[in-house]
Amino acid sequence: MNQILTHQAGLTAWIPFWKETTKKNGDLKRSIYRPENNERFSLKVANNLFIKSKYRDRIMKEIRKSALSPEKKYVYSDLGFIIMPGIITNAEGKPWNEFVTDSIYHRLGAFDIVFNPWNRYPLSRIVPTEYDSLFRRQQLHGTVHDEGAAMLGGISGHAGLFATANDLMKLMETYRRMGSYGGEQIISSDVMEKYTRVQYPENNNYRGLGFDKPLLDNRDLAPKDAYPAVGASPSSFGHSGYTGTFVWMDPEYEVSYIFLSNRVYPTRNNNLISTLKIRGSILQAVYDSIVE
């Protein structure tokens, strides 16, 4: 499990599951999708698009059949986070998303951390993401951007979670305070301390368990080469998201930083947030203000 959570288990980086569900002309296969919801096609992929309820089994089978590298080096992969919810569901005896919502989010008073916000909120409260011209062929708004998570009905361990900055801060503060929030220990401090440590520095792998960490030699690097920012302490941790989102917690400096973005709107062909190091530059400005 540690190898999976640090992305050095040898898993394939990515599988474009959706491509197996299209015809040569790009149209979706009717045996897999329907424009209306029914018992056999119950998982919403996007507006007026529902996938076969049992297609989840096919996705899991593809993951099991995917190539496994014997080399133990860092390669970011979502596949482990797709299969992990099944482990949690089996262990807890209830759907994993309900378990984490009841056990953590709602205990924090974070009721706006949800999957599939389209069935709870007006679209005016939800930022749009990409216009998907290849797979779903529509403007994505209220449904998850990630194709694989969409094919799982919008509820997955690797993508699909929506939140407001206010409620997300409650969760990030819980992480920064090593599992404590509002005078209550929500997550064991031992678990948090373990998960936020670098696990395999001997492999030049700077990741924690699930969490991202600064580069191993971060403070010796030039600001342009540092990640996430040269001022980040070795105890800090966080994560970034494909759509431009970013969170970073630093217990040493008592910093919790949230950057919410829909950088893929209207197209993913815009990576200036990364190339200009916007998120890291803002974080560094926070560190500079503290030091000054």
Looking at (1) surrounded by fewer than 22 Cβ atoms within 10 Å (Cβ to Cβ); (2) not assigned by TED's automatic domain parsing to the domain that holds LEU108, which is the only condition THR174 fails?
-> (1)
Please verify whether the stretch 180-191 includes one or more residues that are outside the structural domain of LYS29 (by TED's automatic domain parsing), aliphatic (A, V, I, L, M) and in contact with a Lys or Arg (Cβ under 9 Å, 6 or more places away or on another chain).
-> yes
Filtered residues of the stretch 13-36 (kept if buried (at least 16 other Cβ atoms within 10 Å of the Cβ) and closer than 30 Å to ASN204 by Cα) = ILE15
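Can you name every residue in the stretch 101-112 that is surrounded by 14 or more Cβ atoms within 10 Å (Cβ to Cβ) and under 16 Å from TYR181 (Cα atoms)?
Our first condition is that a residue be surrounded by 14 or more Cβ atoms within 10 Å (Cβ to Cβ); within the stretch 101-112, this holds for 101, 104-105, 107-108, 110, 112.
Of everything in the stretch 101-112, those that are surrounded by 14 or more Cβ atoms within 10 Å (Cβ to Cβ) and under 16 Å from TYR181 (Cα atoms) turn out to be THR101, ILE104, TYR105, ARG107, LEU108, ALA110.
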Can you run down the residue pairs with Cβ atoms below 8 Å, 6 or more apart or on separate chains, where the first is in the stretch 1-22 and of a type in the set (Phe, Trp, Tyr) and the partner is in a loop (DSSP other than H, G, I, E, B)?
-> TRP14/SER77; TRP14/ASP78; TRP18/PHE135
Among (1) buried (at least 16 other Cβ atoms within 10 Å of the Cβ); (2) in contact with a Leu (Cβ under 9 Å, 6 or more places away or on another chain), MET192 falls short only on (2)
Long-range neighbours under 7 Å by Cβ, at least six apart or interchain, first residue outside the structural domain of ARG268 (by TED's automatic domain parsing) and modelled with pLDDT of 95 or more within the stretch 117-131, second assigned to a helix (DSSP H, G or I) and not hydroxyl-bearing (Ser, Thr, Tyr) = ILE126/PRO117
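The values are calculated or read from the model by the stated rules, or taken from the named source; none is laboratory data. As the structure is a prediction and not an experimental result, all values here were calculated from the model. Positions of Cβ are backbone-derived with ideal geometry, glycine not excepted, and every protein chain shown enters the neighbour counts.
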